[in-house]
Every structure is written in structure tokens, then in C-alpha cells.
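I have placed the structure first, in the form of C-alpha cells, so that the comments after it can refer back to it.
The numbers here are math on the coordinates, done by the rules we state, and not lab data. Remember, predicted model here, so these are calculated numbers, not experimental data. All Cβ positions, even for glycine, are placed from backbone atoms using ideal geometry, and neighbour counts span all protein chains on display.
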Amino acid sequence: MGALDGATAVRCRAASALDRTYMVELAGRTFVDLGDYRSIIEHWLDAPRVRGLLAVEGGVTQGFALVARHRGVGFFRSVRAELVAIALEPDARGRGIGAQLLRAAEREAVDFGAGEMWLHTADENRVARAFFAAAGYRPKLGRQTSYPNGQSAIELRRELP
Ligand SMILES: CC(C)(COP(=O)(O)OP(=O)(O)OC[C@H]1O[C@@H](n2cnc3c(N)ncnc32)[C@H](O)[C@@H]1OP(=O)(O)O)[C@@H](O)C(=O)NCCC(=O)NCCS
């Protein structure tokens, strides 16, 4: 898997309300094994602290990411970011687009003041685990949870610059 093959440029842009259906639909079919991700993403999109990003390649939307802003508790009340979801169209995978989208999501997180990003992914999702490991995400020990359909999830995190 390497960088883009030169020909078509990818740009990442902020999603608008017009992109809602696209994100819900792609999440629904991508994460169908984990649970009802159409409803879950609808729920997240209704939260004020969530921002969506789209990866567009040659005018074609190839995927999306959602980042949520969380304010920590306690004395420092530091801001943290959660990568709620990232998904590409099946034909768009393996060409570096996901890595670009993830970096754009991290810039968004830094922009709203977050010092770290965390996320959950399915323990059994080897591609996602390799993808996030390559991007510098490391497991947070002792944080076990599960998806609506029962698969175990791991929490990964990365400090942001
Ligand atoms: C996970 C996902 C977003 C990765 O996007 P992508 O565009 O395919 O990934 P990239 O091409 O940018 O790959 C970046 C790095 O991730 C790793 N990686 C990506 N796909 C991989 C695979 N199939 N096997 C092993 N490593 C892989 C590699 O280290 C790669 O770097 P390299 O190209 O220098 O080898 C995409 O596969 C996807 O949408 N999957 C379905 C949804 C999902 O699982 N989302 C994550 C859980 S929320």
C-alpha cells in the first residue's frame, strides 16, 4: 500500500447538512456487522460538538470521518477529541485516502483545542488496527467495551501535536 498513484488529488472538506444522508448511508453499510450504525451516526450528527469531514477525489466523495469534542472533568478540564467514525468506500481503500482523512480529522481536533484523540475499533478489525497503529495510535490498557452486536472493542489514543 503506498501513496496515491499520482493521478487524482484528494481533498478533505468540512461536511455540511447536505452530506448527512451520505455519511449515514456509508456508515450503515460499512459497520452493518457491528450494529445499527445508521441510527448511531444520526444521533452523533445531532450533537452540536461533532464535526464531519469528507474525502473527495476528483469530484467523487470517497469517505467521511466524524470528530467529537469532549471537555474533560476535573481541575484542568482539558479538551479531548473522539474520532467517532472513519470509513471509505470499498473501492477507495488502500490508496492513502484514509490516512489523509485521519490527518484532516486530527487538524480539526487541534483546531478546537484537543490535546489528544481517542477512538474505538473492533478488536477483530485487523485492517483498522494496522491503519491506526501506522498513524501512531496505541491501545489504552484496561478499557474494554463492546459494540451493540457484541464484538469487543478496543480503545486507542494518540497525543496530538
Ligand atoms: C480503515 C480505513 C479507513 C483505512 O483507510 P485506507 O485509505 O484504506 O488506508 P490507507 O491507504 O490510508 O493506509 C494507511 C496505512 O494503514 C495501513 N493499512 C491500510 N490498509 C491496510 C490493510 N488492508 N492491511 C494492513 N495495513 C493496512 C498501512 O500501514 C497503510 O500505510 P501504507 O500505505 O504506507 O502501507 C478503511 O480501510 C476503511 O474505511 N475501512 C472500513 C471502515 C473501518 O474499519 N473504519 C475504522 C474503524 S472506525
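I'd like the full set of residues that are near the ligand (Cβ under 10 Å from one of its atoms), within 15 Å of the chain's Cα centre (by Cα) and not in a loop (DSSP other than H, G, I, E, B), limited to region 88-118. Full working, then the answer.
Applying the first criterion (near the ligand (Cβ under 10 Å from one of its atoms)) to region 88-118 yields 88-90, 92-103.
Filter once more, so that each one left must be within 15 Å of the chain's Cα centre (by Cα): 88-89, 93, 96-103.
Across region 88-118, the qualifying residues are Leu88, Ile97, Gly98, Ala99, Gln100, Leu101, Leu102, Arg103.
For region 12-55, give me each residue that is acidic (Asp, Glu) and in a helix (DSSP H, G or I).
Correct list: Asp19, Glu25, Glu42.
Which condition from (1) surrounded by 16 or more Cβ atoms within 10 Å (Cβ to Cβ); (2) out of contact with any strand residue (DSSP E or B) (no Cβ under 7 Å at 6 or more places or on another chain); (3) touching a residue at least 12 places away in the same chain (Cβ under 8 Å) is the one that Asn125 breaks?
(3)
Which of the numbered conditions does Thr121 fail, given that it passes all the others? Conditions: (1) within 26 Å of Arg20 (Cβ to Cβ); (2) more than 11 Å from the ligand (Cβ to nearest atom).
(2)
Yes or no, residue by residue, for (1) in contact (Cβ under 8 Å) with a residue 12 or more places away in the chain; (2) in contact with a Cys (Cβ under 6 Å, 6 or more places away or on another chain); (3) buried (at least 18 other Cβ atoms within 10 Å of the Cβ):
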residue	(1), (2), (3)
Leu53	yes, yes, yes
Gly59	no, no, no
Gly63	yes, no, yes
Val73	no, no, no
Ala81	yes, no, yes
Leu88	yes, no, yes
Glu106	yes, no, yes
